[in-house]
Amino acid sequence: MAPASKAERKAVLDAGAWMFNVVTSVGIIMVNKALMATHGFSFATTLTGLHFATTTLMTLVMKWLGHIQPSYLPFSELVKFVFFANLSIVGMNVSLMWNSVGFYQIAKLCIIPVLCLLEIIFDKVRYSRNTKLSIVLVLVGVAVCTVTDVSVNSKGLLAAIIAVWSTALQQHYVHLLQRKYSLGSFNLLGHTAPAQAASLLILGPFVDLWLTNRRVDTFNYTTIVTFFIVLSCTIAVGTNLSQFICIGRFTAVSFQVLGHMKTILVLTLGFLFFGKEGLNFHVVLGMILAVIGMIWYGNASSKPGGKERQVYSVPSEKTQKHGILSSPSELDQKV
């Protein structure tokens with residue numbers, strides 16, 4: 001009964017972590033859409049800096065209450081993480097500005113294959129045929145329902161490549177740092193959020209001026225705009241925390257694959273609240289394919305051999321003497 005109850009408890013916690021991420025992520029997208037599209041606040045980089053500043057305040061309060069214990073993260077690792085994370089944020093914004101929406105969506109879909117490559121190279125992860133096919137189905141489904149016009153130019157392509165690789169490296173790094181230094185989600189946020197807040201609040205206004213030709217300090221901050229900014233920052237605390245929790249509990253690839261559930265939800269809520277323009281057969285078909293792919297991925301990756309990390313252990317002197325070989329199950333570790 002003990003193993004079963006432990007497995008059930010893990011399943012409940014996994015589902016809770018995932019729902020926490022879905023709710024906060026969809027919530028912040030809808031709030032930001034209203035803030036930017038309806039009220040004209042288009043300073044995305046500066047807004048992200050405010051998100052991390054709010055998250056920093058949350059981690060300081062948690063430390064003061066004793067919920068975050070002292071932990072260690074080398075300064076060099078912190079600098080690398082912040083570099084990839086900030087490059088990802090700026091890269092995605094620039095990619096959206098320089099590319100068509102269709103090519104921007106295709107670039108975002110490329111994050112999953114890049115993450116798979118990183119896991120195969122650095123984590124020695126092995127995927128089964130069904131797991132690979134389920135990922136392809138998710139990518140096809142999301143592409144069908146989100147990609148419309150596709151036009152490519154050289155500087156847009158460069159921005160997309162930088163955005164995709166920096167995002168993949170940042171998400172892979174979250175999982176790596178948590179595992180390597182035994183850091184919980186709160187601990188890792190406590191190290192990274194202040195550095196990201198400081199760097200983005202310094203660089204953000206200049207990046208946004210370059211992207212929008214508008215100054216963040218001269219914007220007309222009405223009561224409703226200020227309310228939406230505060231609401232966005234509040235939800236962002238949950239979004240940032242849930243991202244670290246999910247990548248820590250699963251992997252960056254699983255986080256990305258299942259993350260496209262948020263894309264489907266955002267599309268659905270957009271049609272419900274902002275009008276049904278663009279809703280047609282191929283959008284609905286794409287949504288159905290993506291959802292089927294996500295269910296298939298969850299089932300395929302959870303089975304033995306679906307997604308495993310190869311562990312190469314050195315035979316001990318005793319096993320060498322008696323000629324005992326390790327069984328395959330001792331060489332593979334499920335992830």
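The values are calculated or read from the model by the stated rules, or taken from the named source; none is laboratory data. Nothing here was measured: the structure is a model prediction, and the numbers come from that model. Counting neighbours? That spans all protein chains shown, and the Cβs are built from the backbone with ideal geometry, glycine included. Protein only, heavy atoms only, side chains kept; ligands, DNA and RNA dropped before computing areas. Shrake-Rupley method; radii C 1.70, N 1.55, O 1.52, S 1.80 Å.
Entry remark, segment 199-240: residues being over 27 Å from the mean Cα position of the chain (by Cα), assigned to a helix (DSSP H, G or I) and charged (D, E, K, R) number 1 in total.
In the set V12, V22, V26, V31, only one residue is open to solvent by 90 Å² or more (accessible area, probe 1.4 Å) and not charged (D, E, K, R); that residue is V12.
Among the residues of segment 41-87, those identified as of a type outside the set (S, T, N, Q), assigned to a loop (DSSP other than H, G, I, E, B) and either within 15 Å of L189 (Cα to Cα) or open to solvent by less than 50 Å² (accessible area, probe 1.4 Å) (or both) are F41, F43, G66, H67, I68, P70, Y72, L73, P74. Residues in segment 270-312 that are part of a helix (DSSP H, G or I), touching a helix residue (DSSP H, G or I) at 6+ places or on another chain (Cβ under 9 Å), modelled with pLDDT of 75 or more and open to solvent by 30 Å² or more (accessible area, probe 1.4 Å): H282, V284, L285, I288, L289, V291, I292, I295, W296, G298, N299.
Where residues in segment 131-185 are in a helix (DSSP H, G or I) and of a type in the set (S, T, Y), which of them is surrounded by the fewest Cβ atoms within 10 Å (Cβ to Cβ)? Give the derivation first.
Keep residues of segment 131-185 that are in a helix (DSSP H, G or I), which gives 131-146, 154-180, 185.
In the following step, the residues that additionally are of a type in the set (S, T, Y) were identified as 131, 134, 146, 154, 166-167, 173, 185.
Working: T131: 24, S134: 24, T146: 23, S154: 8, S166: 21, T167: 25, Y173: 22, S185: 21.
For segment 131-185, the residue satisfying everything is S154.
A search for C-beta distances below 8 Å between a residue of segment 195-216 that is more than 17 Å from A53 (Cα to Cα) and any residue that is open to solvent by 90 Å² or more (accessible area, probe 1.4 Å), counting only pairs 6+ apart in sequence or on different chains, returns D208/R214; L209/R215. Annotation: of all residues in segment 84-105 being among the hydrophobic types (A, V, I, L, M, F, W, C) and without any contact (Cβ under 8 Å) to a residue 60 or more places away in the chain, the one that is nearest to V207 (Cα to Cα) is L96.
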